[in-house]
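S.K.: I'd like to ask some things about the structure below.
The values are calculated or read from the model by the stated rules, or taken from the named source; none is laboratory data. Bear in mind the structure is a predicted one, so any value in this text is a computation, not a measurement. Neighbour counts are summed over all protein chains in view; Cβ atoms, including those assigned to glycine, are modelled from backbone coordinates with ideal geometry.
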Amino acid sequence: MLGDRIAELTTTETGRRVLPTVGGPALEVSMTGTGQLLGHQVREFASYESELRPDGSLFGEGQGVGMTDKGETYSWHGSGIGHFTEGGAVSWRGSIYFESTADAFLRLNDLVGLFEFDNDPQGNGKAVLFEWK
């Protein structure tokens, strides 16, 4: 069951790189983001790889690290399915798993997050994360 919203971030791509092809065409994207996670203001750095599948959808896997202004840190790993939308934007849905030793984020170690991530053709995005209960 979809639970509480636990995060919302805005992101900006900082780089793109075409990867050697194993299956379908693949791309690596790096980005930064700011927003809130469990009520704490955070800054995040992340990257993900996406591969174009034969049906036109994308499969992606990514990882990231984030921190508060007080230096409390967390990391995450996730995967999802993406679909191209109007004008070359991409809409992603998937799951994410966290790790942290910071008191502010210990709760993340025991939950599965479900995300919605939409980015425009210029590389600006918005991510919303819900707890899966």
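S.K.: Just to check your reading of the model, which residue among 49, 44 is of a type in the set (D, E, K, R), surrounded by 14 or more Cβ atoms within 10 Å (Cβ to Cβ), at pLDDT 95 or above and under 19 Å from residue 8 (Cβ atoms)?
M.R.: Numbers: 49 fails: under 19 Å from residue 8 (Cβ atoms).
Testing whether each residue is of a type in the set (D, E, K, R), surrounded by 14 or more Cβ atoms within 10 Å (Cβ to Cβ), at pLDDT 95 or above and under 19 Å from residue 8 (Cβ atoms) leaves just 44.
S.K.: Just to be sure I understand the filter: pairs with C-beta atoms under 8 Å, separated by 6 or more residues or on different chains, first member in segment 40-55 and within 12 Å of residue 7 (Cα to Cα) and without any contact (Cβ under 8 Å) to a residue 60 or more places away in the chain, second member exposed (fewer than 14 other Cβ atoms within 10 Å of the Cβ) and charged (D, E, K, R). Which pairs pass?
M.R.: Taking only residues 6 or more apart or on different chains, the pairs are 41/69.
S.K.: From 90, 42, grab the single residue that is farther than 27 Å from residue 23 by Cβ and among the aliphatic types (A, V, I, L, M).
M.R.: Working: 90 fails: farther than 27 Å from residue 23 by Cβ.
Answer to the selection: 42.
S.K.: State yes or no: is residue 91 under 21 Å from residue 42 (Cα atoms) and either in contact with a Gly (Cβ under 9 Å, 6 or more places away or on another chain) or crowded, with 20+ Cβ neighbours inside 10 Å (or both)?
M.R.: Values: under 21 Å from residue 42 (Cα atoms): no; either in contact with a Gly (Cβ under 9 Å, 6 or more places away or on another chain) or crowded, with 20+ Cβ neighbours inside 10 Å (or both): yes.
Taking the combined requirement at face value, the residue does not satisfy it.
S.K.: In the set 21, 11, which member is buried (at least 16 other Cβ atoms within 10 Å of the Cβ) and at negative phi? I'd like the intermediate steps shown before the answer.
M.R.: Details: 21 fails: buried (at least 16 other Cβ atoms within 10 Å of the Cβ).
Of the residues listed, the single one that is buried (at least 16 other Cβ atoms within 10 Å of the Cβ) and at negative phi is 11.
S.K.: Sort out which residues of segment 1-29 are assigned to a strand (DSSP E or B), small (Gly, Ala, Ser) and in contact with an Asp or Glu (Cβ under 7 Å, 6 or more places away or on another chain), and write them in order of number.
M.R.: Keep residues of segment 1-29 that are assigned to a strand (DSSP E or B), which gives 2-19, 26-29.
If we keep only those that are small (Gly, Ala, Ser) too, we end up with 3, 7, 15, 26.
Of everything in segment 1-29, those that are assigned to a strand (DSSP E or B), small (Gly, Ala, Ser) and in contact with an Asp or Glu (Cβ under 7 Å, 6 or more places away or on another chain) turn out to be 3, 26.
S.K.: Something else now. Which one of 86, 131 is within 19 Å of residue 42 (Cβ to Cβ) and not polar (S, T, N, Q)?
M.R.: Details: 86 fails: within 19 Å of residue 42 (Cβ to Cβ).
131 is the lone residue from the list that is within 19 Å of residue 42 (Cβ to Cβ) and not polar (S, T, N, Q).
S.K.: How many residues does segment 31-57 contain that are part of a strand (DSSP E or B) and either in contact with a Phe, Trp or Tyr (Cβ under 8 Å, 6 or more places away or on another chain) or not polar (S, T, N, Q) (or both)? Give the derivation first.
M.R.: To start, the set of residues in segment 31-57 that are part of a strand (DSSP E or B) comprises 31-37, 40-52.
Going one step further and asking which of them are either in contact with a Phe, Trp or Tyr (Cβ under 8 Å, 6 or more places away or on another chain) or not polar (S, T, N, Q) (or both), we end up with 31-33, 35, 37, 40, 42-46, 48-52.
So the answer is 16.
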